[in-house]
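The values are calculated or read from the model by the stated rules, or taken from the named source; none is laboratory data. All of these numbers come straight from a predicted model, not from anything done at the bench. Every residue, glycine as well, gets a Cβ built from its backbone with ideal geometry; the counts of neighbours run over all protein chains shown. The protein model used for the area step is the full one, side chains on, heavy atoms only, and it has no ligands, DNA or RNA in it. Shrake-Rupley method; radii C 1.70, N 1.55, O 1.52, S 1.80 Å.
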Amino acid sequence: MPPSTTAANSKAAHRRFLAPFRGEALAIPPMWLMRQAGRYLPEYRETRAKAGGFLKLCYTPELAAEVTLQPIRRYGFDAAILFSDILVVPDALGQKLTFAEGEGPRLEAIRSVADLGRLSPEKTGEKFGKVFETVARLRQDLPDETALIGFCGAPWTVATYMVQGEGSTDQAEARLWAYRDPDGFASLIDTLVDTSIVYLDGQVKAGADCLQIFDTWAGSLPDTEFDRWVVEPTKRIVEALKERHPTVPIIGFPRGAGASSLWYVSETGVDGIGCDTAMPPYMMGEAFEEEEVVVQGNLDPLLLVTGGDAMDERVDEILELMDGKRFIFNLGHGIVPQTPPENVARLVERVRRQGDAA
Ligand code: 1CP
């Protein structure tokens, strides 16, 4: 059984990860790293091999919880992120999905309104249930002081994979469909909005105390389309979650959105903004402050591969820029597989000022 809401709330009050969302600027910012569980860790590779496949790992609560906990044990991050994938949503909707070893995802592409008939929003319960079970298990197994982040992909980004049938550099198929037949494409986005609400609501009920919406490909759209396919759907998800769970903070990560992130923040009502590696310092340090939003980011994941002085210098710059502000330390995108685990340990020490930082 998940803990009662009251008990969960009183414990949540002690989680330093949540302090910036209550208006506090901590001298040592809370930290976690996108893709903190993953192939750079030998213990992850071992558990993944045991699971016999990536999706099996996502749907086996015991193993998914185990890989979520691995980076917490090693590094003591302030937040754990549920181990799953944004493509669990299309999979639960009934779109065929496979992950071949060493390759990206492959889906049976959806290219038209007729193809939408292959999706069954009423049947997501079985697969989502496994994810909710992982969340409930994690809330029991995590240290009390560690926050638990639930997540989903934003409708636009998830749609790019569903329409392309695989990862792509330009998201061309989804963009083409959205230009040719915006009303038809809107049906897919609407299905994803509704399904994401059910998915995130279930994660909060199972024990997640913060949510992040990953919009990895938000940067591939011009202004008008950014508004229609990124901002509007995200706003609908945020509104629905706020109605049900007003105290659970939501972080938006519209990667590549640049200056449009200000519009995104003010329109969607997110509590936190994930900044990618290219976000200009004046936006992180000043512009978002006026929007009263918590800022998260944005060390280049490749500096975590490099390590050493190059990494330390950039970490110190970020900490100085964000000193005294409501800030969560993170990367500008996910950890890459070739990252040496010892560089992550060095980063944690540096951010927590146990190294020779100021
Ligand atoms: O072989 C393996 O073990 C699979 C590698 C892997 C991992 C570790 C994939 C496949 N997904 C994940 C986990 C994952 N994915 C998490 C877990 C929590 C964490 O530790 O952060 C999260 C939050 C995601 C989210 C995700 N999946 C995003 C959004 C964030 C981002 O990185 O941009 C995206 C775009 C995906 C799709 C996806 N899943 C996996 C891959 C290799 C990809 C990218 C495919 C592509 O674009 O080519």
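Region 1-118 holds strands (runs of 3 or more DSSP E) entirely within its bounds, and those carrying 2 or more residues that are more than 22 Å from LEU200 (Cβ to Cβ) map to 97-99.
Any residue at all in region 271-278 that's in contact with a Cys (Cβ under 9 Å, 6 or more places away or on another chain), closer than 30 Å to ASP227 by Cβ, away from the ligand (no atom under 16 Å from the Cβ) and among the acidic types (Asp, Glu)? Explain how you work it out, then say what you get.
We begin by selecting, within region 271-278, every residue in contact with a Cys (Cβ under 9 Å, 6 or more places away or on another chain); these are 271-272.
Remaining after also requiring closer than 30 Å to ASP227 by Cβ: 271-272.
Subsequent filtering for residues that are away from the ligand (no atom under 16 Å from the Cβ) retains 271.
Now drop any that are not among the acidic types (Asp, Glu), which leaves 271.
Yes, that holds for at least one residue.
Scanning region 277-310 for residues that are in contact with a helix residue (DSSP H, G or I) (Cβ under 8 Å, 6 or more places away or on another chain) and among the charged types (D, E, K, R) turns up GLU291, ASP300. Across region 16-60, the qualifying residues are those that are near the ligand (Cβ under 9 Å from one of its atoms) and of a type in the set (Lys, Arg), and the one among them that is nearest to GLU320 (Cα to Cα) is ARG35.
Could you count how many residues in region 86-106 are touching a strand residue (DSSP E or B) at 6+ places or on another chain (Cβ under 8 Å) and of a type outside the set (Val, Ile, Thr)?
Restricting attention to region 86-106, the residues satisfying the condition of being touching a strand residue (DSSP E or B) at 6+ places or on another chain (Cβ under 8 Å) are 86-87, 89-91, 95-100, 104-106.
Applying the additional criterion that residues be of a type outside the set (Val, Ile, Thr) yields 87, 90-91, 95-97, 99-100, 104-106.
Of the residues in region 86-106, 11 are touching a strand residue (DSSP E or B) at 6+ places or on another chain (Cβ under 8 Å) and of a type outside the set (Val, Ile, Thr).
Quick check on region 299-313. Is at least one of its residues touching an Asp or Glu at 6+ places or on another chain (Cβ under 7 Å) and closer than 25 Å to ALA25 by Cβ? No; the residues of region 299-313 include none that is touching an Asp or Glu at 6+ places or on another chain (Cβ under 7 Å) and closer than 25 Å to ALA25 by Cβ.
Return the pair list, or none, for Cβ contacts closer than 8 Å from residues in region 127-155 that are touching a residue at least 40 places away in the same chain (Cβ under 8 Å) to residues that are among the aromatic types (Phe, Trp, Tyr) and not in a helix (DSSP H, G or I), at least 6 apart or on different chains. Every condition considered, the pairs that remain are THR134/PHE83; THR146/PHE77; ILE149/TRP32; PHE151/PHE214; CYS152/PHE214; GLY153/PHE214; ALA154/PHE214.
So how many residues does region 267-325 have that are basic (Lys, Arg) and under 30 Å from HIS245 (Cβ atoms)? Talk me through it step by step, then tell me what you get.
To start, the set of residues in region 267-325 that are basic (Lys, Arg) comprises 314, 325.
If we keep only those that are under 30 Å from HIS245 (Cβ atoms) too, we end up with 325.
So the count comes out to 1.
Sort out which residues of region 316-357 are in contact with a helix residue (DSSP H, G or I) (Cβ under 7 Å, 6 or more places away or on another chain), farther than 12 Å from LEU302 by Cα and small (Gly, Ala, Ser), and write them in order of number. ALA345, GLY355, ALA357, listed by residue number. Checking TRP177, TRP229, TRP263 one by one, the residue that is surrounded by fewer than 19 Cβ atoms within 10 Å (Cβ to Cβ) and hydrophobic (A, V, I, L, M, F, W, C) is TRP263 and no other. Take THR157 and decide whether it is open to solvent by less than 10 Å² (accessible area, probe 1.4 Å) and in contact with an Asp or Glu (Cβ under 6 Å, 6 or more places away or on another chain). So THR157 fits the description; yes. Just one of the listed residues (VAL158, VAL204, VAL135) is within 18 Å of the chain's Cα centre (by Cα), at pLDDT 95 or above and more than 14 Å from the ligand (Cβ to nearest atom), namely VAL204.
Could we say that GLY355 is away from the ligand (no atom under 16 Å from the Cβ) and either at pLDDT 95 or above or small (Gly, Ala, Ser) (or both) here? For GLY355, the condition - away from the ligand (no atom under 16 Å from the Cβ) and either at pLDDT 95 or above or small (Gly, Ala, Ser) (or both) - is met. Looking for whichever is modelled with pLDDT of 95 or more, open to solvent by 10 Å² or more (accessible area, probe 1.4 Å) and within 14 Å of the ligand (Cβ to nearest atom) here; the options are ASP144, ASP170. Which one fits? Matching residue, one of ASP144, ASP170: ASP170. The numbered conditions (1) away from the ligand (no atom under 14 Å from the Cβ); (2) free of Cβ contacts under 8 Å to residues at least 24 places away in the same chain; (3) buried (at least 16 other Cβ atoms within 10 Å of the Cβ) are all true for GLY117 except (3). If you scan region 324-354, which residues turn out to be under 16 Å from PHE17 (Cα atoms) and either free of Cβ contacts under 8 Å to residues at least 24 places away in the same chain or within 22 Å of the chain's Cα centre (by Cα) (or both)? Answer for region 324-354, where residues must be under 16 Å from PHE17 (Cα atoms) and either free of Cβ contacts under 8 Å to residues at least 24 places away in the same chain or within 22 Å of the chain's Cα centre (by Cα) (or both): LYS325, ARG326, PHE327, ILE328, PHE329, ASN330, LEU331, VAL348, VAL351. Just one of (1) assigned to a loop (DSSP other than H, G, I, E, B); (2) away from the ligand (no atom under 16 Å from the Cβ) fails for GLY256. It is (2).
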